[in-house]
Amino acid sequence: MHNTYKRLTEWEREEISLCLAQNYKLAAIGRKLRRSTSTIAREIQRNSVKTGYRPVSAQRNSQKVASTRRRGKRKLQFNQVLLNYVVDKLVHKWSPDEISRRLKVEYPLDMTMRISPEAVYQFIYVLPRGELKQVLLKSLRQERAYRRKQERGKEQENRGKISDMISIEERPLHVADRSVPGHWEGDLILGKYKQSALGTLVERTTRYTILVPLSAKDAVSVREALAREFLQLPKELALSLTYDQGKEMSQHKQFTIDTNIQVYFAHPSSPWERGTNENTNGLIRQYFPKGTDFSTISTATIKRVERELNDRPRKVLGYLKPVEVIQQIVALNC
């Protein structure tokens, strides 16, 4: 019969400390307490400092962790509205931090609609194995690998130079300090075997994101697709575009003629100069992981993801949503 594991008690921790002082071996301590040797070893390893094992600190830490887990579990167990909110936002790929902070925005006076990011993580990981747990685990953002500078440099050397580029160094100061909206950063996310791509545009002040379906990733296709998206925006929100030196932007002069939007080029191997776009691309990869063939993804699906990204609260915006911030700007200019 399977026995339910019980946490070490305060008395057991005192016994461990006494046995260690008497030079008992770990296996002997385990036999005395009727605990496995591995349990004793983990307990000592977790709660030892330079002066040795500390039973009082170990008991205090254990109670603190247990209390945190109980609070998070109990709160969701008895608050169906909060549980539904948390699950819905996790399915839409919100982070636990975004969920916790956004609750304060949407329910400023309702203290029952509160939960810490740690409690959200605990809720996910203590779920029994099953479909719901797998869905929620997949929704958590994975740390993306940054491009290695050496490889980026080699790629840049093979691209050749784009004629008549205007450097990011010539970009007006109000673009850099984000004091004026309407300035964008752009990039391509490459698909499987680099045979397909998705265009990404992010407004620097509001973090509003536009995903651009591409029939191909050559310069003409990219120019036409980006221009179509920009021409749908109010003129005051389409002022400039900062891009890397990818050859897909080699028709930047025609793009500027078509849209009246000036293009500035970042330095080679300097993704931090388009940091807003780089960070957003990491969010987009939650929906379209590496190896995605964008030629098989419908425009409807791409635009659905775009809406979800813009409906997601951002820490940098005080946990407002990009769509809320950009709507405020449009309303002020009406």
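The values are calculated or read from the model by the stated rules, or taken from the named source; none is laboratory data. If you're wondering where the values come from, they're calculated on a predicted model, not measured in any experiment. Heads up, the Cβs are rebuilt from the backbone with ideal geometry, glycines too, and the neighbour counts pull from every protein chain shown.
So residue 200 ticks every box in (1) out of contact with any strand residue (DSSP E or B) (no Cβ under 8 Å at 6 or more places or on another chain); (2) within 17 Å of residue 245 (Cβ to Cβ) but one. Which box is left unticked?
(1)
With the requirement that a residue be part of a helix (DSSP H, G or I), surrounded by fewer than 19 Cβ atoms within 10 Å (Cβ to Cβ) and among the hydrophobic types (A, V, I, L, M, F, W, C), what does region 231-250 give you?
Across region 231-250, there are no qualifying residues.
Looking for whichever is among the hydroxyl-bearing types (Ser, Thr, Tyr) and touching a Lys or Arg at 6+ places or on another chain (Cβ under 7 Å) here; the options are 264, 243, 193. Which one fits?
Numbers: 243 fails: touching a Lys or Arg at 6+ places or on another chain (Cβ under 7 Å); 193 fails: touching a Lys or Arg at 6+ places or on another chain (Cβ under 7 Å).
264 is the lone residue from the list that is among the hydroxyl-bearing types (Ser, Thr, Tyr) and touching a Lys or Arg at 6+ places or on another chain (Cβ under 7 Å).
Show the residue pairs that are 6+ apart or on different chains and have beta-carbon atoms under 8 Å apart, the first residue being within region 161-177 and closer than 21 Å to residue 205 by Cβ, the second being part of a helix (DSSP H, G or I).
As it stands, the answer is 168/273, since those pairs meet every condition given.
Got at least one residue in region 191-214 being surrounded by fewer than 18 Cβ atoms within 10 Å (Cβ to Cβ), assigned to a loop (DSSP other than H, G, I, E, B), at negative phi and without any contact (Cβ under 8 Å) to a residue 60 or more places away in the chain? If you could, list the steps in order and put the result at the bottom.
Of region 191-214, the ones surrounded by fewer than 18 Cβ atoms within 10 Å (Cβ to Cβ) are 192-195.
When the remaining residues are screened for being assigned to a loop (DSSP other than H, G, I, E, B), the result is 195.
Adding the requirement that they be at negative phi leaves 195.
Still in the running and without any contact (Cβ under 8 Å) to a residue 60 or more places away in the chain: none.
No, the conditions are met nowhere in region 191-214.
If I ask for residues that are in contact with a helix residue (DSSP H, G or I) (Cβ under 6 Å, 6 or more places away or on another chain) and among the hydroxyl-bearing types (Ser, Thr, Tyr), which ones from region 244-274 would you list?
Hits for region 244-274 are 250, 259, 264, 269.
Just wondering, is there one or more residues in region 292-304 that are in contact with a strand residue (DSSP E or B) (Cβ under 7 Å, 6 or more places away or on another chain) and closer than 24 Å to residue 97 by Cα?
There is no residue in region 292-304 that is in contact with a strand residue (DSSP E or B) (Cβ under 7 Å, 6 or more places away or on another chain) and closer than 24 Å to residue 97 by Cα.
Do you know which of the residues in region 277-295 that are more than 20 Å from residue 91 (Cβ to Cβ) and without any contact (Cβ under 8 Å) to a residue 24 or more places away in the chain is surrounded by the most Cβ atoms within 10 Å (Cβ to Cβ)?
The qualifying residue surrounded by the most Cβ atoms within 10 Å (Cβ to Cβ) is 279.
Exactly one of (1) at pLDDT below 95; (2) of a type in the set (A, V, I, L, M, F, W, C); (3) within 30 Å of residue 86 (Cβ to Cβ) is unmet by residue 265. Its number?
Here residue 265 meets the rest and fails (3).
Would you mind stating whether residue 253 is farther than 20 Å from residue 204 by Cα, outside any helix (DSSP H, G or I) and out of contact with any Gly (no Cβ under 7 Å at 6 or more places or on another chain)?
no
State the number of residues belonging to region 208-252 that are of a type in the set (S, T, N, Q) and under 17 Å from residue 302 (Cβ atoms). Full working, then the answer.
First, pick out the residues of region 208-252 that are of a type in the set (S, T, N, Q): 209, 215, 221, 232, 240, 242, 245, 250-251.
From what is left, the residues that are under 17 Å from residue 302 (Cβ atoms) are 209, 215, 221, 232.
The number of residues fulfilling the criteria is 4.
Given the condition under 30 Å from residue 13 (Cα atoms), aliphatic (A, V, I, L, M) and at pLDDT 65 or above, answer yes or no: does some residue in region 129-140 qualify?
no
Okay, residues lined up against (1) at pLDDT below 90; (2) loosely packed, with under 11 Cβ neighbours inside 10 Å; (3) assigned to a helix (DSSP H, G or I):
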residue: 13; (1), (2), (3): yes, no, yes
residue: 29; (1), (2), (3): no, no, yes
residue: 41; (1), (2), (3): no, no, yes
residue: 45; (1), (2), (3): yes, yes, yes
residue: 60; (1), (2), (3): yes, no, yes
residue: 65; (1), (2), (3): yes, no, yes
residue: 70; (1), (2), (3): yes, no, yes
residue: 74; (1), (2), (3): yes, no, yes
residue: 84; (1), (2), (3): no, no, yes
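Kindly indicate which of 274, 228 is out of contact with any His (no Cβ under 9 Å at 6 or more places or on another chain), basic (Lys, Arg) and buried (at least 19 other Cβ atoms within 10 Å of the Cβ).
Of the residues listed, the single one that is out of contact with any His (no Cβ under 9 Å at 6 or more places or on another chain), basic (Lys, Arg) and buried (at least 19 other Cβ atoms within 10 Å of the Cβ) is 274.
Give region 17-55 a look and list any residue that's of a type outside the set (D, E, K, R), out of contact with any helix residue (DSSP H, G or I) (no Cβ under 6 Å at 6 or more places or on another chain) and in contact (Cβ under 8 Å) with a residue 12 or more places away in the chain, or say none.
Across region 17-55, the qualifying residues are 20, 39, 44, 52.
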